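Have a look at the structure below before the remarks.
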Amino acid sequence: MSRRKLALWFLLPAILQAETVPLWPGARYTTDDRDRALERGLNFIYHLASDPKIFADWGHDLLWCLFTISDTAKDPKLREMARKMGHERAQEWRRIHAALPTQTNADQLSDLLFGSDAADRLDARDPGFKQQLRNAVRHYSVTDFLLFDPAREPPPSDIPDQCPKCKRWNVRGATVCRYCGAPLEMRNRYDVWTDALITTYSGDIYGVTLGAPYRDVIRWIPVMRPYPPRASISTSAFYNVAYAITHVIYTLNDYNRYLLSRQWLPQEFQYLKTNLEETVKLEDPETLGEFLDTLRDFGMTEQDPLIRAGVDYVLSKQNADGSWGDLTDPDVYTRYHSTWTAIDGLREYGWHGKRLSFPGLEPLLRSGGERAVSTVR
């Protein structure tokens with residue numbers, strides 16, 4: 001036996017042992033189990049993203065998924081997989097969107113901006129397309145993009161949801177559909193806030209304002225606090241509150257790029273810790289994934305029993321095709337988003353330091369936002 005073969009022979013037990021290290025002492029899953037689950041999940045997302053119809057409808061969001069994993073994953077293999085997948089899909093997105101359509105509305109422009117920003121970050125840049133977007137958004141108002149003006153008021157509770165009968169939208173304050181006469185329900189104000197956070201954050205980081213700057217939206221955080229306890233609200237309202245909190249965190253740390261101080265967002269951190277087990281009771285790996293990755297943003301790891309419980313549950317719920325969630329769900333968004341959030345909840349992060357995506361907002365957060373709100377009252 002050669003010296004090289006002999007060395008490999010003695011190394012083999014150590015290599016095999018390294019592949020089967022439990023995630024924590026006594027864990028039923030190993031690091032290898034987690035890594036395989038992550039790769040299978042990412043392959044499932046890429047499979048959906050490679051479907052022309054799905055990509056036409058959801059390409060902007062799928063690109064952002066692939067970019068954020070490529071930008072923040074600690075595991076170099078997972079990071080490189082996401083980068084290659086994302087770059088290939090970004091080139092296809094640019095091919096499809098070589099120019100703005102002649103007719104677009106505010107929602108379509110927002111989606112096109114989301115996609116263009118993600119494509120830029122995946123090395124498929126098009127400065128000309130960005131200028132077209134900048135010119136187009138000037139024709140729309142803040143309420144076209146956000147449904148309210150955050151310079152004047154906090155997220156409101158009188159914006160009607162889509163008509164359940166005819167699927168059309170109605171003006172603010174309407175309680176009966178003007179098209180078919182069906183009664184309308186109002187959107188939860190936390191849901192309105194979530195959309196506004198995402199839209200204004202995306203506009204600011206891309207350099208094309210979508211109705212208002214992000215600061216105008218995040219400064220209402222003291223008005224949205226305190227967050228209603230789970231026991232006092234319906235399950236649908238709980239989801240609205242939970243997603244608002246996770247997206248406060250995502251937009252303040254560039255979607256898991258930076259660690260956050262618990263002192264900046266103490267109520268948000270406590271809400272996540274208090275209610276993580278509720279997402280397990282609801283058998284919802286999608287929301288649980290968002291709770292896990294945002295708690296990681298505050299420095300929690302598998303050393304914490306709460307993270308261990310969440311990771312164990314998510315790993316136990318992966319489907320045979322690599323996805324998470326209900327296999328029979330016809331909603332494509334839910335299929336890929338459940339898998340995306342599960343991946344983010346399971347994976348480790350290569351942090352780029354502790355800071356905010358917009359460092360100038362730190363005084364606002366430290367003061368609780370009161371000063372910012374008082375200036376518009």
Could you check, for segment 353-369, whether at least one of its residues is assigned to a helix (DSSP H, G or I) and touching an Asp or Glu at 6+ places or on another chain (Cβ under 6 Å)?
no
Does residue 208 satisfy the criteria of being in a loop (DSSP other than H, G, I, E, B), open to solvent by less than 20 Å² (accessible area, probe 1.4 Å) and either among the charged types (D, E, K, R) or out of contact with any strand residue (DSSP E or B) (no Cβ under 7 Å at 6 or more places or on another chain) (or both)?
yes
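Quick one: count up the residues across segment 118-152 that are touching a His at 6+ places or on another chain (Cβ under 9 Å) and either open to solvent by less than 20 Å² (accessible area, probe 1.4 Å) or in a helix (DSSP H, G or I) (or both). Walk me through it before giving the result.
Initial filter on segment 118-152 (touching a His at 6+ places or on another chain (Cβ under 9 Å)): 118-119, 122-124, 126, 129.
Adding the requirement that they be either open to solvent by less than 20 Å² (accessible area, probe 1.4 Å) or in a helix (DSSP H, G or I) (or both) leaves 118-119, 122, 124, 129.
Of the residues in that region, 5 qualify.
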Matching residues in segment 237-267 (without any contact (Cβ under 8 Å) to a residue 40 or more places away in the chain and assigned to a helix (DSSP H, G or I)) number 1
Among the numbered conditions (1) of a type outside the set (Val, Ile, Thr); (2) farther than 18 Å from residue 42 by Cα; (3) modelled with pLDDT of 95 or more, tell me where residue 89 comes up short.
(2)
Of the residues 36, 4, which single one is among the basic types (Lys, Arg), modelled with pLDDT of 95 or more and either surrounded by fewer than 14 Cβ atoms within 10 Å (Cβ to Cβ) or closer than 30 Å to residue 92 by Cβ (or both)?
36
Under 8 Å between Cβ atoms, which residue pairs at least 6 apart in sequence (or on different chains) link something in segment 283-310 that is free of Cβ contacts under 8 Å to residues at least 24 places away in the same chain and within 18 Å of residue 38 (Cβ to Cβ) with a partner that is hydrophobic (A, V, I, L, M, F, W, C) and assigned to a helix (DSSP H, G or I)?
301/307; 307/292; 307/295
Lone unmet requirement of (1) under 27 Å from residue 366 (Cβ atoms); (2) open to solvent by 50 Å² or more (accessible area, probe 1.4 Å); (3) assigned to a helix (DSSP H, G or I) for residue 226
(3)
Please work out which residue is surrounded by the most Cβ atoms within 10 Å (Cβ to Cβ), limiting yourself to segment 287-313 and to residues that are touching a Ser or Thr at 6+ places or on another chain (Cβ under 8 Å) and of a type in the set (S, T, N, Q).
294
Subset of segment 314-372 (residues that are at pLDDT 95 or above, among the polar types (S, T, N, Q) and either open to solvent by 30 Å² or more (accessible area, probe 1.4 Å) or farther than 24 Å from residue 267 by Cβ (or both)):
316, 318, 319, 323, 328, 334, 338, 339
Please specify each residue of segment 45-84 satisfying the condition of being over 19 Å from residue 206 (Cβ atoms) and open to solvent by less than 20 Å² (accessible area, probe 1.4 Å).
45, 49, 55, 69, 73, 78, 82
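Suppose the filter is within 16 Å of the chain's Cα centre (by Cα), crowded, with 17+ Cβ neighbours inside 10 Å, among the charged types (D, E, K, R) and closer than 14 Å to residue 147 by Cβ; does residue 195 pass it?
It is true that residue 195 is within 16 Å of the chain's Cα centre (by Cα), crowded, with 17+ Cβ neighbours inside 10 Å, among the charged types (D, E, K, R) and closer than 14 Å to residue 147 by Cβ.
The values are calculated or read from the model by the stated rules, or taken from the named source; none is laboratory data. No experiment lies behind these values; they were computed from the predicted model shown. Heads up, the Cβs are rebuilt from the backbone with ideal geometry, glycines too, and the neighbour counts pull from every protein chain shown. Each accessible area value is taken on the protein alone, full model and side chains, heavy atoms only, with ligands, DNA and RNA left out. Shrake-Rupley method; radii C 1.70, N 1.55, O 1.52, S 1.80 Å.
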